[in-house]
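Colleague: The structure's right below; bear with me while I get my questions together.
The values are calculated or read from the model by the stated rules, or taken from the named source; none is laboratory data. Predicted model, so just to flag it, every value in this text is computed and none were measured. Because the Cβ atoms are built from the backbone with ideal geometry, glycine has one as well, and the counts that use them run over all protein chains shown. Surface accessibility is based on the protein's heavy atoms, side chains included, excluding ligands, DNA and RNA. Shrake-Rupley method; radii C 1.70, N 1.55, O 1.52, S 1.80 Å.
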Amino acid sequence: MCAAQLLFSGGSAWAAGANPWGCGGKVDHPHRSHTNPHAVNVHADLKCKARVPRYSIYVTLYRSRWWGWEKIGKSGYVSGVEKYKARAVAN
């Protein structure tokens, strides 16, 4: 299982609940890494129709254990300004 959080910031338009940038987020299924065969990766992607003033993406991998969910590996994080798209990777 993976969990992702996308955060946008753009002043009063965002505070009103609007998405003036036409943004959407997508998280793929955990899969074997193409660059490291001993790792499992997950990608969280942000794609927008206009440049976003500020954004942050967090993505984390979890696995089910008998006692509950356990965080595994490194969480992915990326933030920036004035971009149309971005990707965070957890492994």
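Colleague: Check Arg54: other-chain or 5+ apart residues with amide H under 5 Å from its amide H, H built from backbone geometry?
Modeller: For Arg54, whose amide H was placed from the backbone, the distant partners under 5 Å are Ser9, Glu82.
Colleague: Something else about it: I want to check the label-to-label distance for Lys85 and Lys26. Put each point 7 Å from Cα in the C-beta direction and report it in nm to one decimal.
Modeller: 0.8 nm
Colleague: May I pose another question? On the protein heavy atoms, probe 1.4 angstrom, tell me the percent of accessible surface of the stretch 11-91 carried by carbon and sulfur.
Modeller: On the way: 2920 of 5590 Å².
Of the solvent-accessible surface of the stretch 11-91, carbon and sulfur hold 52 percent.
Colleague: Sticking with this one: Solvent-accessible area per residue for the stretch 24-91 at a 1.4 Å probe radius, Å²? Kindly include the intermediate steps, with their values, before the conclusion.
Modeller: Working: 4800 Å² over 68 residues.
For the stretch 24-91, the per-residue accessible area is 71 Å².
Colleague: Take the residue pairs Lys47/Lys71; Lys26/Lys74; Lys49/Lys71 and return only those whose Cα atoms are more than 22 Å apart.
Modeller: Among Lys47/Lys71; Lys26/Lys74; Lys49/Lys71, the Cα-Cα distance tops 22 Å for Lys47/Lys71; Lys49/Lys71.
Colleague: Let me ask another. Distance in nm between label sites at Tyr62 and Ala39, each 7 Å beyond Cα in the beta-carbon direction?
Modeller: So the two model labels end up 2.2 nm from each other.
Colleague: May I ask you to evaluate 6.51 cos²θ - 1.76 cosθ + 1.60, the Karplus curve with θ = phi - 60°, for each residue of the stretch 39-52 and list the ³J(HN,Hα) values in order in whole Hz, giving x for glycine and proline?
Modeller: Computed from phi, the couplings for the stretch 39-52 are 10, 10, 10, 9, 10, 10, 10, 10, 9, 10, 7, 9, 5, 8 Hz.
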